[in-house]
There are 2 protein chains.
Amino acid sequence: MTSLTVKEAAERLRSFDNVLILTHLRPDGDTVGSAAALCEGLRALGKTAYLLPNPGLTDTTAPYFRPCAAWAGFEPRQVVSVDIATVDLLPENARPYADRVDLAIDHHPSFEGFGRENLVRPSAAAAGEIIYDILAELGPITAEMALPLYVAVATDCGCFAYNNTTAHTHAVAAALLQTGIDFHAVNKTFFRTKSRKRLALEAAMLSEIEYHDRERVAVLAVPLSLIARVQATETDAEDLSALGGQIEGVDCAVTMRELRPDVWKFSLRTGPRVNATKACALLGGGGHAAAAGCTVEAPFAEAKRRMLEAIAQVVPDFTL
Amino acid sequence: MTSLTVKEAAERLRSFDNVLILTHLRPDGDTVGSAAALCEGLRALGKTAYLLPNPGLTDTTAPYFRPCAAWAGFEPRQVVSVDIATVDLLPENARPYADRVDLAIDHHPSFEGFGRENLVRPSAAAAGEIIYDILAELGPITAEMALPLYVAVATDCGCFAYNNTTAHTHAVAAALLQTGIDFHAVNKTFFRTKSRKRLALEAAMLSEIEYHDRERVAVLAVPLSLIARVQATETDAEDLSALGGQIEGVDCAVTMRELRPDVWKFSLRTGPRVNATKACALLGGGGHAAAAGCTVEAPFAEAKRRMLEAIAQVVPDFTL
């Protein structure tokens, strides 16, 4: 893999023109914000640059993408990918460009270096941090670049609350806020707004929590009947496993979601006492020590019993 | 009022010894973290410094306070206050020091300059930002200072999500993270942990939301019967008015809490369409355009009707 420094990547971009920028499948704030900022940065240098349309945009990400979206007949001279770890993560319409990416910029440890040249920094909380460094090499950061960059950085580090936040993440945010962007509107949209259906899901889950193991294990369930009653979409039901992780005194939050009748997907979020991946491995799943999952085919009560027994097996002082 | 620059305040502190530091009534993360960091900073210069015990500490703030708490017989030569806007905000045991504060450091616009010398910066999101600047003048920032400073800064800006966050807030956070502190544990404790009773309150409120005005006005209620059923404490019920503010499509979140039987305290959180203070003024209350409150003595249905009518009066396109 050919690896570039930030300075070298900036030099390459300075030599490019008619650039097409690729974002990943199921695009998030980081890939969209990074791509849009890079596009604005190239345009500020007088270059032609566009983002390849991405069919997976949401109401929250689309406004940042739209001003940069390519028109149908655009013929790029160079192709750049941002926040894409492997070619498998290219959307369908980006597949034709898979073997002609001139520069791939990413921050995932699993990055496969599929570009002709590559720049990867796994310590970055967001690809947006790397794009910021590159754009700062190329010239002054304008508000047009800073706003999507703030979206990129803030969304990937949970508004500076996640563990991946570093001193550099905050330093980048400081520079972005200097441009006077309305970061507050971004925070409200991405971090402080929930759909009514999402809130209905959360309310139902919270009012039915079951506690075990001297109140240290909490079980939250999302049966198909609940999804149907609330008419929740996939977006409404995203990342529900975080909900149980915030309960005071609980160091093992178990979220069980019914995928199909009597097929339950378990997600565990645990503290140091409970090794989540060991518990899930007993049921054919896996993950990390603090976050793991598995799928169990059984009716609700039986599936729950198996999961609790698996946890009991790996936690010496578990009390059923 | 005698106003000092950061440099001058640092010089004064360099000349002090046997320093007593005061925190405010109902102490929050900012006053406790700022005071503890200042204490550590003074100790790093070889000085004797203590915090006057504060009876209002909580489980989350006490650990940062404890290492600096003064013993009963400590006789200070100088007294410094942090994050205290007026002498009315001194806890009972700090009142004897009200007229002998040598240096008062604060960030509230309402600061009254009650110190012999004063340093106020209303643009700072937290008093911790100012304390950071002072400590940076005095010497290297150690992890012992950085951890309470992170608590101070992060809690007062809602983990960098609130509107008061500035480029300087992030720049300070960047410097603090450089020391290698476990900021993630702080974030988990202060921003990602809720008591079981708090979650029960939220679940009950969310499952009973009433919508009005083409779903743009949401009413959430906290009757005494709910508080009693959940056995919620004052801490569990803090800042419940933020809950309604996050509902997608709602630009007027009305939270009504029953203080005594048939006495309801209303809190409005609104977008630009609804002037909260004008609506609340019609019922004898007040506040800001986006956040205001009032109290209404009436049974639930009647109190709610009066509030909705007040809102309808100030919003031209309101549809009951």
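What to note about this one:
- Region B:263-299 - residue that is among the β-branched types (Val, Ile, Thr) and not in a strand (DSSP E or B) and, of those, least open to solvent (accessible area, probe 1.4 Å): B:Val274
- Hey, B:Leu119 in contact (Cβ under 8 Å) with a residue 24 or more places away in the chain, open to solvent by less than 20 Å² (accessible area, probe 1.4 Å) and in contact with a Gly (Cβ under 6 Å, 6 or more places away or on another chain) or not: no
- Those residues of region B:104-126 which are in contact with a Phe, Trp or Tyr (Cβ under 8 Å, 6 or more places away or on another chain) and of a type in the set (A, V, I, L, M, F, W, C), in sequence order: B:Ala104, B:Val120, B:Ala125
- Of all residues in region B:59-77, those satisfying the criterion of being open to solvent by less than 60 Å² (accessible area, probe 1.4 Å) and either in a loop (DSSP other than H, G, I, E, B) or of a type in the set (A, V, I, L, M, F, W, C) (or both) are B:Thr60, B:Thr61, B:Ala62, B:Phe65, B:Cys68, B:Ala69, B:Ala70, B:Gly73, B:Phe74, B:Pro76.
- Residues satisfying the stated conditions in region B:72-91, i.e. within 27 Å of B:Val186 (Cβ to Cβ) and among the hydrophobic types (A, V, I, L, M, F, W, C): B:Val80, B:Val82, B:Ile84, B:Ala85, B:Leu89, B:Leu90
- Candidate set: region A:134-151, residues that are more than 14 Å from chain B (Cβ to nearest Cβ) and assigned to a loop (DSSP other than H, G, I, E, B); chosen: the one least open to solvent (accessible area, probe 1.4 Å): A:Gly139
- Condition met for B:Arg260 (away from every other protein chain (no Cβ under 12 Å), open to solvent by 30 Å² or more (accessible area, probe 1.4 Å) and touching a residue at least 60 places away in the same chain (Cβ under 8 Å)): no
- Residues (in a strand (DSSP E or B) and more than 15 Å from B:Pro53 (Cα to Cα)) located in region B:1-41: B:Ser3
- Close pairs from region A:139-163: first touching a residue at least 40 places away in the same chain (Cβ under 8 Å), partner open to solvent by less than 10 Å² (accessible area, probe 1.4 Å) and aromatic (Phe, Trp, Tyr), Cβ under 9 Å, at least 6 apart: A:Pro148/A:Phe65; A:Val153/A:Phe160; A:Ala154/A:Phe160; A:Ala154/B:Phe160
- B:Ile131 vs. criteria aliphatic (A, V, I, L, M) and open to solvent by 20 Å² or more (accessible area, probe 1.4 Å): no
- Test: residue in region B:92-114 that is touching a Cys at 6+ places or on another chain (Cβ under 9 Å) and either under 23 Å from B:Val186 (Cβ atoms) or touching a residue at least 40 places away in the same chain (Cβ under 8 Å) (or both): no
- Selection status of B:Phe318, more than 20 Å from A:Ser207 (Cβ to Cβ), modelled with pLDDT under 95, away from chain A (no Cβ under 14 Å) and touching a strand residue (DSSP E or B) at 6+ places or on another chain (Cβ under 9 Å): yes
- Selection within region A:90-109 - surrounded by fewer than 22 Cβ atoms within 10 Å (Cβ to Cβ) and closer than 20 Å to A:Asn164 by Cβ: A:His108, A:Pro109
- Residues of region B:3-32 that turn out to be open to solvent by 10 Å² or more (accessible area, probe 1.4 Å) and touching a Pro at 6+ places or on another chain (Cβ under 7 Å), as a count: 2
- Any chance B:Thr60 is among the β-branched types (Val, Ile, Thr) and either under 20 Å from B:Ala10 (Cα atoms) or at pLDDT below 95 (or both): yes
- Helices (runs of 4 or more DSSP H) completely within region A:152-251 that count 1 or more residues being open to solvent by 60 Å² or more (accessible area, probe 1.4 Å) and more than 10 Å from chain B (Cβ to nearest Cβ): A:224-230
- The set of residues in region A:78-123 that are of a type in the set (S, T, N, Q) and part of a helix (DSSP H, G or I) contains only A:Asn93.
- When A:Gln313 is tested against (1) surrounded by 13 or more Cβ atoms within 10 Å (Cβ to Cβ); (2) in a helix (DSSP H, G or I), exactly one condition is not met: (1).
- Residue within region B:11-33 that is of a type in the set (Asp, Glu) and without any contact (Cβ under 8 Å) to a residue 60 or more places away in the chain present: yes
- In region A:140-168, residue modelled with the lowest pLDDT [restricted to those that are touching a Cys at 6+ places or on another chain (Cβ under 6 Å) and among the polar types (S, T, N, Q)]: A:Asn164
The values are calculated or read from the model by the stated rules, or taken from the named source; none is laboratory data. Only a predicted model underlies this, so the values are computations on that prediction, with no experimental measurement involved. When we count neighbours, we look across all protein chains shown, and the Cβ atoms used for this are built from the backbone with ideal geometry, even at glycine. Areas reflect the complete protein model, heavy atoms only, side chains present, ligands, DNA and RNA absent. Shrake-Rupley method; radii C 1.70, N 1.55, O 1.52, S 1.80 Å.
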